[in-house]
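Below: the structure, in structure tokens.
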Number of protein chains: 2
Amino acid sequence: MSDHCHQRAAVPASLIDALRGLLAERLSTAPAVLEQHGTDEGWHAASPPDAVAFASTTEEVAEIVRLCAADNVPIVPYGAGSSLEGHVVALRGGICIDMSRMNAILAVNNEDLDCRVQAGVTREQLNEYLRDTGLFFPIDPGANASIGGMTATRASGTNAVRYGTMRDNVLNLTVVTPDGKIIKTANRARKSSAGYDLTRLFVGSEGTLGVITEIGLKLYGIPEAISAAVCAFPSVEAAVNTTILTIQAGIPVARIELLDALQIRAINNYSKTDHKEAPTLFFEFHGTEASVKEQAEFVESVASEFGAEEFQWATKAEDRTRLWAARHKAYYASLQLEPGKRGMPTDVCVPISRLAEAITQTQADCDASPLTCTIVGHVGDGNFHTLILLDPENPVEMAEAKRLHDRMVERALAMGGTCTGEHGIGFGKLDFMEAEHGADTIALMRAIKNAIDPQGLMNPGKLVPGI
Amino acid sequence: MSDHCHQRAAVPASLIDALRGLLAERLSTAPAVLEQHGTDEGWHAASPPDAVAFASTTEEVAEIVRLCAADNVPIVPYGAGSSLEGHVVALRGGICIDMSRMNAILAVNNEDLDCRVQAGVTREQLNEYLRDTGLFFPIDPGANASIGGMTATRASGTNAVRYGTMRDNVLNLTVVTPDGKIIKTANRARKSSAGYDLTRLFVGSEGTLGVITEIGLKLYGIPEAISAAVCAFPSVEAAVNTTILTIQAGIPVARIELLDALQIRAINNYSKTDHKEAPTLFFEFHGTEASVKEQAEFVESVASEFGAEEFQWATKAEDRTRLWAARHKAYYASLQLEPGKRGMPTDVCVPISRLAEAITQTQADCDASPLTCTIVGHVGDGNFHTLILLDPENPVEMAEAKRLHDRMVERALAMGGTCTGEHGIGFGKLDFMEAEHGADTIALMRAIKNAIDPQGLMNPGKLVPGI
């Protein structure tokens with residue numbers, strides 16, 4: 001990766017004064033707060049903002065944006081800080097808008113299966129709130145991310161194979177645009193042909209086009225029946241081929257997650273489980289009792305053709321919760337394989353016909369490397385992740401990790417895939433944007449960015465190369 | 001609706017000569033061809049282009065666009081001409097690019113459940129081609145529209161409640177941008193977080209941002225079991241409430257279509273069917289044998305609670321085909337209720353909790369009007385249509401039709417809905433854009449339009465008010 005040089009913007013004392021006038025003690029310049037907000041859960045270099053503004057209303061966000069714009073000061077929206085590609089790193093300094101206090105659930109419309117939340121609501125908070133309604137929100141990146149951050153990074157997770165990603169589940173947004181205006185991108189209708197799809201333009205825009213302050217989301221009825229199973233396979237290829245056949249047969253599986261043998265060992269250690277240390281699929285089936293049984297029987301028969309062991313079922317709610325909690329902690333579990341090291345996480349997504357090839361070649365690279373590396377995947381979507389453990393102070397390890405990382409991404413691109421299925425670009429993957437999209441497509445993205453944010457103040461240095 | 005005044009652009013003879021040099025006999029200036037291309041299937045005033053270019057390759061489209069741009073001449077992309085809001089009307093004249101000869105199916109990837117087609121392929125052609133693969137493409141607006149046109153208008157149809165709209169089913173696009181460059185918006189991965197969602201920006205852009213020349217689409221396996229049923233209800237409200245409960249229960253119904261009593265009469269006359277003249281739902285269930293049975297039993301029990309008559313089943317493929325062919329011809333059937341009159345079709349979409357209210361109030365308006373008006377709806381989405389019959393030469397009828405039309409749209413907006421669920425804006429609904437979205441959101445759409453099409457040549461006068 002090339003260096004992305006960024007000069008820090010000048011932040012006038014008068015701006016800090018004005019923000020303090022607006023926010024009082026909700027404006028912080030405490031070093032610990034700045035440091036915490038200058039990095040995410042990934043491996044990229046940190047860069048703190050000059051101040052952190054804890055906003056409490058959309059109008060306040062608009063006022064902060066107007067004040068910053070008047071002084072040409074960069075703005076970095078911040079949700080839960082759980083991004084992985086440096087999304088919240090204040091490359092040019094400026095004002096970080098922390099959305100965590102905007103954590104109200106504004107409306108739940110049971111009849112329409114939708115809700116409206118402020119951007120700082122986390123996915124766990126939302127599902128906790130929904131618990132007694134019979135509804136749930138399915139999108140579940142590993143971390144307890146904020147809904148605003150999930151929207152901004154077009155997040156997905158283990159349920160995406162059935163319920164889609166944030167792209168599919170955001171109905172509308174309230175956004176503060178870079179000129180400090182407050183807009184709504186759409187209304188509550190399930191579909192519309194009325195104009196440009198601004199909702200989808202802001203979903204995945206990583207804070208570079210405005211600050212998302214409220215989100216309308218689709219909700220789903222909790223299925224009548226849910227069952228989960230774990231199944232060990234003789235090889236990664238056998239597990240992936242089971243996945244491919246399941247998807248091609250149109251089985252509406254809710255979750256189908258691959259974990260390689262090393263990842264299973266990490267989870268066993270971290271979460272005190274006793275899964276067999278082998279390439280493993282975690283499944284979940286949603287539907288009526290009859291439909292869940294039918295789905296499970298089909299998948300079990302496919303798996304056994306590929307030499308899988310027997311399914312271990314988790315039918316009780318608490319067993320399922322334990323199973324998926326362990327899966328969601330896979331990242332933290334992997335980090336514990338070599339305490340003291342950090343992780344370089346990355347994800348790619350390929351057409352499912354190329355998935356077995358993509359994963360087995362990646363695994364061969366990892367096996368041949370001195371570095372430790374785990375693989376997990378939302379394999380129903382063709383999406384998988386590696387976590388490479390390294391000492392960031394050791395240039396040899398860093399170079400080797402980057403080599404593995406880049407080979408994985410380049411392989412995905414060569415297979416007609418994408419450099420990131422769900423983590424996003426931030427500044428960590430900027431260098432792959434042109435290889436993936438071509439120069440003319442990047443020029444079009446740049447034209448959109450410049451049209452909406454002509455001062456270039458919104459999360460500068462992220463997503464669009466060369467800005 | 002206010003007048004949208006448009007001055008015709010000057011089209012230099014040298015441009016016509018250059019286009020003829022490129023296309024030979026595939027450039028037409030024959031009056032009948034111009035006239036045919038200056039109108040669609042809706043009720044709006046016609047305006048012919050100055051020439052029609054029948055393009056055969058993406059590169060040719062790019063060359064046409066470059067030539068037009070050099071002379072500042074408007075460009076109107078044209079698919080099958082089956083739009084309803086004047087989308088293809090050449091308000092400022094210029095060059096119509098007819099895509100019908102770009103009708104090659106470029107690739108079908110059975111393993112990945114996707115395909116790639118040129119923009120002129122029609123939905124019926126695609127499904128005919130797929131027939132032996134076990135796959136199908138579900139999006140079905142009434143007309144045999146082109147895939148390019150369906151993409152440009154964000155079309156949906158009867159299957160959208162289960163399979164989504166064009167928004168959900170387009171994987172990627174090849175687009176000729178207004179500067180004559182050829183871009184791809186995305187690759188074949190099922191999901192990606194790599195940059196702005198240009199695919200979704202062009203889906204529904206109605207030719208105002210560029211010419212869509214190739215489309216990557218999701219495909220689906222033909223379900224193991226399909227069954228369809230017709231059911232008459234004592235009232236529109238009873239039918240709509242059955243729909244609402246079905247959706248809220250999460251039943252994955254594939255189609256759930258409302259037809260009012262008059263629409264049933266029109267279909268009986270036109271398609272020689274003998275459905276009872278009452279508010280009626282047409283259903284289709286997709287899945288395994290067991291799942292289809294389960295879905296049907298649930299819906300039948302709900303319907304009977306609302307006083308419905310017995311379901312009439314169409315289990316044989318030819319009976320289902322006849323049923324849905326009759327439904328797809330509803331528009332033409334309605335026109336035959338009063339031969340010689342034309343139809344003013346419109347559609348709106350509301351949150352499903354407001355659907356019964358929206359339809360019954362609309363129907364009361366229609367009943368109180370001297371004009372004849374049929375109602376059909378993709379009610380699972382909250383989307384419904386009216387077709388008002390009128391003599392466009394009669395100003396009293398025209399004014400009354402517009403009054404009914406505007407009341408229906410304004411009611412939908414007041415209920416948190418949209419002025420169009422699937423027909424699009426064209427220039428027929430331009431006047432509702434600001435009421436639906438607000439001035440600041442429209443300003444953002446305008447900024448995007450101006451950034452991508454600074455000369456304002458792409459389908460001018462459509463979708464974005466005030467351009």
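Coordinate-derived values only; no laboratory data. The structure displayed is predicted, hence computed values, not measured ones. No Cβ is skipped: glycine too gets one built from the backbone with ideal geometry, and neighbour counts run over all protein chains shown.
Each of A:PRO279, A:GLY164, A:HIS378 was placed along the dipole of chain A (beta-carbon charges, centred on the mean Cα), and the one lying farthest toward the positive end is A:GLY164. The convex hull around the C-alpha trace of the protein assembly as shown, projected and averaged over every direction, spans 36.7 square nanometres.
In nanometers and ordered shortest first, the copy-to-copy spacing of the B:ASN450 label point, defined 7 Å from Cα toward Cβ, is 1.4. The per residue volume of the convex hull around the alpha-carbon atoms of segment A:105-221 is 97 Å³. Relative to the longest principal axis of the Cα atoms of chain A, helix A:395-414 runs at roughly 80 degrees. Take the Kirkwood radius over Cα pairs of segment A:167-265, plug it into Stokes-Einstein at 10 °C and 1.306 mPa s, and you get 91 µm²/s for translational diffusion. Using C-alpha pairs under 8 Å with a sequence gap of at least 6, the mean separation divided by the residue count of segment A:108-160 gives a relative contact order of 36 percent. If you wrap the Cα atoms of chain B in a convex hull and average its projected area over all directions, you get 21.4 nm². Each Lys and Arg adds +1 at its Cβ and each Asp and Glu adds -1 at its Cβ; summed about the Cα centre, segment A:215-361 shows a dipole of about 680 debye.
Scanning chain B for GluC sites (Glu not before Pro) in DSSP loops with at most 12 neighbouring Cβ atoms within 10 Å leaves B:1-309 as the longest stretch between them. A point 7 Å from Cα along Cα→Cβ stands in for B:ARG8, and the other copies hold the same point at 6.4 nm, listed in rising order. Relative to the longest principal axis of the C-alpha atoms of chain A, give the angle of the C-alpha long axis of helix A:13-23, reported between 0 and 90° and rounded to the nearest 10°. Between the helix axis and the principal axis of chain A, the angle is about 70 degrees. Rounded to 0.05, the FRET efficiency of the A:ALA104 and A:SER14 pair, given R0 = 41 Å and the Cβ-Cβ distance, is 0.80. Label positions at A:THR57 and A:ALA317, each projected 7 Å from the Cα along the C-beta direction, are separated by 3.8 nm. Put simply, the amide H of B:GLY424, placed in the peptide plane, has neighbours under 5 Å in A:SER193, leaving out anything fewer than 5 places away on its chain. What distance in nm separates the simple spin-label points at A:ARG407 and B:ALA399, each placed 7 Å from Cα in the Cβ direction? With each label placed 7 Å out from Cα toward Cβ, I get 7.8 nm.
For the Cα atoms of chain A, what angle does the longest principal axis make with the long axis of helix A:58-70, in degrees from 0 to 90, nearest 10? With rounding to tens, the tilt is 60 degrees.
Residues A:SER271, A:SER304 in ascending order of nearby Cβ atoms (within 10 Å, fewest first): A:SER304, A:SER271.
The same position A:LYS402 in the other copies lies at 6.5 nm from this copy, comparing label points 7 Å beyond Cα toward the beta-carbon, shortest first. Could you give the distance between the Cα centres of segment A:337-406 and segment B:416-467, to the whole Å? The two parts, judged by their Cα centres, are 45 Å apart. Taking a quarter of the surface of the Cα convex hull of segment A:13-100 gives a mean projected area of 5.1 nm². Using equal-weight Cα scatterers in the Debye expression, the normalised intensity of segment A:335-424 in log10 at q = 0.10, 0.13, 0.26 Å⁻¹ is -0.23, -0.39, -1.32. Each stretch of four or more DSSP H residues adds -39500 (n - 2.57); spread over every residue of chain B, this sum gives -11000 deg cm²/dmol at 222 nm.
Amide H to amide H distances under 5 Å link A:ASP114 with A:ASN109, A:LEU219, where only residues 5 or more positions off or on other chains count and H is placed in the peptide plane.
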